[in-house]
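To start, the structure under review is shown below, and the notes come after it.
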Amino acid sequence: NAGVTQTPKFRVLKTGQSMTLLCAQDMNHEYMYWYRQDPGMGLRLIHYSVGEGTTAKGEVPDGYNVSRLKKQNFLLGLESAAPSQTSVYFCASGLPTGAPEEQYFGPGTRLTVT
Amino acid sequence: AQSVTQLGSHVSVSEGALVLLRCNYSSSVPPYLFWYVQYPNQGLQLLLKYTSAATLVKGINGFEAEFKKSETSFHLTKPSAHMSDAAEYFCAVSDHNDTNAGKSTFGDGTTLTVKP
């Protein structure tokens, strides 16, 4: 049981390049989330998904797209990277609302955009 | 709408001293409350959670937190700090709301330093 895994762990992009971050979970969780973490700003929700084939915008969705084609995977895409997207990205998964369950986090992806 | 305020972005204590990390929340409905810990270069992991069963919640590594509705607070404490407690701590709130999709709102975090 690997929990939540993220690929890659580190990446450096040039402005305008694109990339996809992969999140995978093996806990059969319905809900998945993408956050970004910036110094002094806590975690901010980018997008989330309440089930396979569904996605929704979070607090800071601009510049990102997501897809949830399979229940266990949640992809975060940057179509045209900007320096403002330099951050640490965390994926998390959890059980449906109504259960007092916490979110389970991956180890993070450190992205630098130059 | 839900929000969390963590008072003090940095807290420093001596080894063996009391740890107190403050968290105040705002929620329009009864909340779920969480404390997470993040060690350097790692993801967040759950310390403890409040789900309305008991106001004093005990978590891992000797931490506990008390839910005080009248003060809208959920402060994290540990009687005796250990060097291994040095980390960043996040308070989070999630509404009891079926449309909330389990989303949590996180505080900005408090960095705990433990001095020998």
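So that you can scan it fast, the table gives a plain yes or no per residue for (1) under 10 Å from the mean Cα position of the chain (by Cα); (2) more than 14 Å from every other protein chain (Cβ to nearest Cβ); (3) in a loop (DSSP other than H, G, I, E, B):
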{"site": "B:Phe67", "(1), (2), (3)": "no, no, no"}
{"site": "B:Ser70", "(1), (2), (3)": "no, yes, yes"}
{"site": "B:Ser80", "(1), (2), (3)": "no, yes, yes"}
{"site": "B:Val93", "(1), (2), (3)": "yes, no, no"}
{"site": "B:Asp108", "(1), (2), (3)": "no, no, yes"}
{"site": "B:Leu112", "(1), (2), (3)": "no, yes, no"}
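Kindly indicate which of B:Tyr50, B:Tyr89 is within 12 Å of chain A (Cβ to nearest Cβ), surrounded by 14 or more Cβ atoms within 10 Å (Cβ to Cβ) and at pLDDT 95 or above.
Selected residue: B:Tyr89, the only one of B:Tyr50, B:Tyr89 that is within 12 Å of chain A (Cβ to nearest Cβ), surrounded by 14 or more Cβ atoms within 10 Å (Cβ to Cβ) and at pLDDT 95 or above.
Condition check ((1) under 19 Å from A:Ile46 (Cα atoms); (2) touching a Gly at 6+ places or on another chain (Cβ under 9 Å); (3) touching a residue at least 40 places away in the same chain (Cβ under 8 Å)) across all residues:
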residue: B:Gln45; (1), (2), (3): no, no, no
residue: B:Lys49; (1), (2), (3): no, yes, no
residue: B:Ala54; (1), (2), (3): no, no, no
residue: B:Val57; (1), (2), (3): no, no, no
residue: B:Phe74; (1), (2), (3): no, no, yes
residue: B:Ser80; (1), (2), (3): no, yes, yes
residue: B:Phe90; (1), (2), (3): yes, yes, yes
residue: B:Lys103; (1), (2), (3): yes, yes, no
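Quick one: in region B:34-47, of everything that is more than 8 Å from every other protein chain (Cβ to nearest Cβ) and surrounded by fewer than 22 Cβ atoms within 10 Å (Cβ to Cβ), which residue is farthest from A:Glu102 (Cα to Cα)?
In this case the residue turns out to be B:Pro40.
Restrict the check to region A:81-103 and report whether at least one residue is modelled with pLDDT of 95 or more, farther than 21 Å from A:Pro39 by Cβ and away from every other protein chain (no Cβ under 14 Å).
Looking for residues that are modelled with pLDDT of 95 or more, farther than 21 Å from A:Pro39 by Cβ and away from every other protein chain (no Cβ under 14 Å), one finds none in region A:81-103, hence no.
Give me the strands (runs of 3 or more DSSP E) completely within chain A, filtered to those with at least 2 residues that are farther than 23 Å from B:Leu46 by Cβ and β-branched (Val, Ile, Thr), ordered by residue number.
By residue number, A:54-57, A:109-113.
Inspect all residues belonging to region A:23-40 and state whether any of them is surrounded by fewer than 16 Cβ atoms within 10 Å (Cβ to Cβ), more than 14 Å from the chain's Cα centre (by Cα), without any contact (Cβ under 8 Å) to a residue 40 or more places away in the chain and within 10 Å of chain B (Cβ to nearest Cβ).
Checked against the condition, which is being surrounded by fewer than 16 Cβ atoms within 10 Å (Cβ to Cβ), more than 14 Å from the chain's Cα centre (by Cα), without any contact (Cβ under 8 Å) to a residue 40 or more places away in the chain and within 10 Å of chain B (Cβ to nearest Cβ), region A:23-40 yields at least one hit.
The values are calculated or read from the model by the stated rules, or taken from the named source; none is laboratory data. None of these values were measured; they are calculated from a predicted model. Positions of Cβ are generated from backbone atoms using ideal geometry, with glycine treated the same way; all protein chains shown enter the neighbour counts.
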